[in-house]
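The values are calculated or read from the model by the stated rules, or taken from the named source; none is laboratory data. These numbers come from a predicted model, not from an experiment. When we count neighbours, we look across all protein chains shown, and the Cβ atoms used for this are built from the backbone with ideal geometry, even at glycine. For the accessible areas, the whole protein counts, side chains as well, though only heavy atoms, and no ligand, DNA or RNA atoms are used. Shrake-Rupley method; radii C 1.70, N 1.55, O 1.52, S 1.80 Å.
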Amino acid sequence: MKTLIAALPVVLACAAPSAAPAASSAGLPARIEQAGKLVIATQPNYPPIAYKDLATGKYTGLDIELGTAIAKQLGLAVEWQETSFVQAFSSLATGRVDLAMIGIVDTPERQKTVDFVDYMQSGPQFFTVQANAAKYPDLPSLCGARVGASRSTNWPGLIAEWSTANCVANGKPPIVVRGTEGSVDARTQLKSGRIDAAVQGYETMPYFQELEPRTYAMIGQPIANQPIGIPVSKREPQLRDAVLRALEALQADGTYDRILAKYKLQATAARPGLNQGK
């Protein structure tokens, strides 16, 4: 899944510095109940999590359907606001959006500025093209290889840590980590031979294997397991708790499982929780 390196301080411009917004009788901040909608940031370039349907141009994907279901559970409409991944936290800070659903990893560093309502699991997965499958059959074979991963994530750091512990510590050359502009760029470089392997969230790989049959080969298992969450301003605990209750209700009535199954993401299922990143 995508992971942002740094987040801006979250201070809603419209909030008084000494107090959180008043909650409605339904447990929502009064401003949201009055608006009758949730404004959620998305970046629709990360299938099957969030992307645009090629035929209709409409937003689709797991986050789109789950965000819509959360809003409906809360008796609200949903308004999607397209933004870059880097701008998601600043949009929360300025109050332009209420939530962000862009496949964001919950980490202790990010918990300093926002609270996370966690809803699934992800992890960095190594893969290569089929032509390289015999050369890189397992994780140890990647020592000394050129591996690309989005520089806007924490994957380059995780790859370097894994390399130090599993390559350098065993007298092998380290993995050469190449930062890319994103997962699309990583796959492009991989197919052109500029890198030997790449890393992206394991939840996305079934989609791309189906989209491009006989193109990619997985290498080993994900090197980490990380919670994916919905960031919420720390000034709005009522909204955070309402979203958590909505997710719990959607899991209890089977909606959550049905949405995951539609996108073949059953392996990412997790019980909803708060700030589970360690």
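Pick out, from Thr83, Val168, Ala145, the residue whose Cα sits farthest towards the positive end of the charge dipole of segment 52-168, with +1 on the Cβ of Lys and Arg and -1 on the Cβ of Asp and Glu.
It is Ala145, whose Cα lies furthest towards the positive end.
From the mean inverse distance of alpha carbon pairs (Kirkwood) and the Cα radius of gyration, derive Rg over Rh for segment 108-237.
1.02
Output the 0 to 90 degree angle, nearest 10, between the alpha-carbon long axis of helix 183-192 and the longest principal axis computed from the alpha carbons of the chain.
Relative to the chain, helix 183-192 is tipped by roughly 20 degrees.
Project the alpha carbons of segment 21-147 onto their principal axes and report the range along each, largest first, in whole Å.
Computed over the Cα atoms, the extents are 60, 40, 23 Å.
Pairing the Cα long axis of helix 155-166 with the longest principal axis of the chain, what angle in degrees results, from 0 to 90 and rounded to the nearest 10?
Between helix and principal axis, roughly 50 degrees.
Collect residues whose amide H, placed 1.01 Å from N in the peptide plane, falls under 5 Å from the amide H of Glu82; neighbours closer than 5 in sequence don't count.
For Glu82, the qualifying residues are Thr42.
After finding the eigenvalues of the alpha carbon gyration tensor for the chain, what semi-axes result from the square roots of 5 times each, listed largest first in whole Å?
For the chain, the semi-axes come out at 35, 20, 16 Å.
Just how large is the dipole of the chain about the Cα centre, in debye to the nearest 20, putting +1 at every Lys and Arg Cβ and -1 at every Asp and Glu Cβ?
Values: 27 positive and 24 negative charges, 95 e Å.
The dipole of the chain has a size of about 460 debye.
When DSSP assigns beta bridges and you keep just the ones with both residues in the chain, what percent turn out antiparallel, to the nearest 5?
Antiparallel bridges: around 65 percent, rounded to the nearest 5.
Which of the aspartates and glutamates could a cross-linker bridge to Lys112, judged by Cα under 17 Å and excluding same-chain residues fewer than eight apart?
Glu236
Considering the chain as a Gaussian network with a 10 Å cut-off on Cα pairs, which listed residue, Gly179, Gly103, Gly254, attains the greatest mean-square fluctuation?
Highest fluctuation of the listed residues: Gly254.
Test of understanding: extend the Cα→C-beta vector of Lys191 to 7 Å, then name every residue of segment 121-165 with backbone N under 13 Å from that spot.
129-130, by backbone N distance to the label point.
Set Lys and Arg Cβ to +1 and Asp and Glu Cβ to -1, take the dipole of segment 44-123 about its Cα centre, and tell me which of Gly57, Gly95, Ala71 lies farthest positive.
Gly57
Report the relative contact order of the chain, percent, no decimals, based on alpha-carbon pairs under 8 angstrom and at least 6 residues apart.
Relative contact order comes out at 29 percent.
For segment 143-208, what value does the Rg/Rh ratio take when both radii are computed over Cα atoms and Rh is the Kirkwood radius, given to two decimals?
Working: Rg = 11.9 Å, Rh = 12.0 Å.
My calculation puts Rg/Rh at 0.99.
Would you list, by chain and number, the lysines whose Cα falls below 22 Å from the Cα of Lys58, excluding same-chain residues fewer than 8 positions away?
Lys2, Lys37, Lys72, Lys262, Lys264
For the chain, modelled as a GNM with alpha-carbon contacts under 10 angstrom, which of Glu33, Glu212, Glu203 fluctuates the most?
Glu212
What full-extension length gain, to one decimal in nm, is calculated for Arg245 and Asn225 as 0.36 nm per residue of separation minus the Cα-Cα distance?
Length gained, Arg245 through Asn225: 4.8 nm.
To the nearest 0.05, what FRET efficiency results for Ala169 and Gln266 with a Förster distance of 25 Å applied to their C-beta separation?
The calculated FRET efficiency here is 0.10.
What is the percent carbon and sulfur in the accessible area of the chain, measuring with a 1.4 Å probe over the protein chains and ignoring ligands?
The computed percentage sits at 53.
Where only protein heavy atoms count, and the probe is 1.4 Å, what is the accessible area per residue for the chain in Å²?
Per-residue accessible area for the chain comes out at 43 Å².
How high is the relative contact order of segment 136-228? Use alpha-carbon pairs under 8 Å, at least six apart in sequence, and give a whole percent.
Value for segment 136-228: 34 percent.
Below 11 angstrom from the Cβ of Val147, what's the summed charge of the other residues (Lys, Arg +1; Asp, Glu -1)?
+1
Among the aspartates and glutamates, which fall within straight-line cross-link reach of Lys135, defined as a Cα-Cα distance under 20 Å, with same-chain neighbours fewer than 8 residues apart omitted?
Asp196
Which of these, Pro206, Pro47, Pro231, has the largest mean-square fluctuation under a Gaussian network model of the chain (Cα springs below 10 Å)?
Among Pro206, Pro47, Pro231, the largest GNM mean-square fluctuation belongs to Pro206.
Placing +1 at every Lys and Arg Cβ and -1 at every Asp and Glu Cβ, with all other atoms neutral, what dipole size does segment 164-273 have around its Cα centre, in debye to the nearest 20?
Magnitude of the dipole: close to 180 debye.
Could you pull the Cα extents of segment 64-103 along its three principal axes, largest to smallest, in whole Å?
28, 19, 12
Just to confirm my numbers, what's the Cα centroid distance between segment 200-278 and segment 125-144 in Å?
Taking the Cα centre of segment 125-144 as reference, the centre of segment 200-278 is 26 Å away.
May I ask for the angle, rounded to the nearest 10°, between helix 62-73 and the longest principal axis of the chain, with both axes built from Cα atoms and the value confined to 0 to 90°?
Helix 62-73 sits at roughly 20 degrees to that axis.
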